[in-house]
Amino acid sequence: MSLKGKVAIVTGGNSGIGKAITIAFAEAGAAVIIDFVAHPEAADALERKLAAMGEKAIGVEADVSRIDDLRKLVDRAVSAYGRLDVMVNNAGVETRTSVLDTTEAQYDRVMAIDLKSAFFGTQLAAQQMIKQGGGRIINISSVHEDWPMPGNAPYCLAKGGVRMLTRTAGVELAKHGIQVVGVAPGAVATPINDATMSAPLQLARLQAAIPLGRLAQPEEIARVVAFLAGDGGAYLTATTIVVDGGLTQNSVGL
Ligand code: BGC
């Protein structure tokens with residue numbers, strides 16, 4: 001799947017699924033802009049790793065929950081490469097808190113990083129893409145966009161919003177040649193699942209609920225995203241692809 005000559009932004013692009021997407025895109029020939037806020041050294045290391053492979057990634061200091069900082073990412077894509085072809089709204093956090101015990105600060109943080117950043121990332125990317133005659137926006141959601149996860153309430157709400165963002169923006173932006181697609185992973189072996197992966201009983205229960213019998217590797221999600229960013233996504237918009245190893249189809253509950 002070639003993304004040769006394409007310019008992409010991947011929010012949250014230096015950890016977890018985002019890092020795997022950054023690498024998959026660069027390997028497919030795209031230039032990638034990623035944000036960092038807490039770990040500039042991780043972004044540097046990724047830039048260097050890709051440079052050593054002859055690929056391009058640029059780290060930009062940006063807090064994606066702030067519109068001005070999202071704008072910095074788009075501006076950087078345009079100043080460095082003159083265009084933006086693919087926007088991946090990937091950054092996400094979760095609190096593992098319930099409806100009863102979520103604090104206002106926890107709620108606001110999840111909404112800002114998981115939903116607000118995807119909304120304004122879509123808006124800012126689309127404004128640039130309209131000038132170019134089109135582009136692709138890919139929202140990394142979760143199976144929990146329409147499958148409640150007890151004890152992870154703000155995350156489910158935010159991802160439910162991302163699902164509707166994909167559908168609404170997909171319909172609104174089609175006339176500008178912009179396609180908006182969601183990817184909803186199930187359980188993936190990334191830092192967000194560290195606690196589960198280090199609790200043997202919980203891990204065994206989760207694996208038993210997944211028909212494929214294991215968590216996904218981040219690269220398995222990234223390959224789907226690269227496919228959608230390239231020719232594979234040619235006739236998709238306003239819809240979400242579920243990549244969950246069968247988890248949500250299993251009638252054996254978690
Ligand atoms: C959540 C994980 C959870 C997985 C499967 C993901 O979206 O971030 O915490 O393990 O869904 O339920």
Report task. Inspect the range 168-177 for any residue being among the charged types (D, E, K, R), more than 17 Å from Asp85 (Cβ to Cβ) and more than 16 Å from the chain's Cα centre (by Cα) and give the result as yes or no. Result -> yes
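Results for (1) within 22 Å of Ala222 (Cα to Cα); (2) touching a Lys or Arg at 6+ places or on another chain (Cβ under 7 Å); (3) modelled with pLDDT of 95 or more, shown as yes or no for each residue.
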{"position": "Leu115", "(1), (2), (3)": "yes, no, yes"}
{"position": "Ala118", "(1), (2), (3)": "yes, no, yes"}
{"position": "Pro148", "(1), (2), (3)": "no, no, yes"}
{"position": "Arg163", "(1), (2), (3)": "yes, no, yes"}
{"position": "Glu172", "(1), (2), (3)": "no, no, yes"}
{"position": "Gln179", "(1), (2), (3)": "yes, yes, yes"}
{"position": "Val183", "(1), (2), (3)": "yes, no, yes"}
Query - Among (1) under 19 Å from the mean Cα position of the chain (by Cα); (2) surrounded by 12 or more Cβ atoms within 10 Å (Cβ to Cβ); (3) within 14 Å of the ligand (Cβ to nearest atom), the one test that Ala238 misses - result: (3)
Report summary line: Checked the range 186-207 for anything aliphatic (A, V, I, L, M), near the ligand (Cβ under 9 Å from one of its atoms) and assigned to a helix (DSSP H, G or I); matches are Ile192, Ala195, Leu206
Query raised in the report: Which one of these does Thr168 not meet: (1) more than 13 Å from Asn89 (Cβ to Cβ); (2) of a type in the set (S, T, N, Q); (3) crowded, with 19+ Cβ neighbours inside 10 Å?
Result: (3)
Query raised in the report: Listed residues Asn152, Asn139; which is over 14 Å from the mean Cα position of the chain (by Cα), within 16 Å of the ligand (Cβ to nearest atom) and of a type in the set (S, T, N, Q)?
Result: Asn152
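Quick grid of which residues meet (1) under 25 Å from Ala77 (Cα atoms); (2) of a type in the set (Asp, Glu); (3) out of contact with any Ser or Thr (no Cβ under 8 Å at 6 or more places or on another chain):
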| site | (1), (2), (3) |
| --- | --- |
| Val93 | yes, no, yes |
| Asp101 | no, yes, yes |
| Gln106 | no, no, no |
| Met111 | no, no, yes |
| Ser117 | yes, no, no |
| Phe120 | yes, no, yes |
| Gln128 | yes, no, yes |
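The values are calculated or read from the model by the stated rules, or taken from the named source; none is laboratory data. Nothing here was measured: the structure is a model prediction, and the numbers come from that model. Here Cβ is always computed from backbone atoms with ideal geometry, including for glycine, and neighbour counts include all displayed protein chains.
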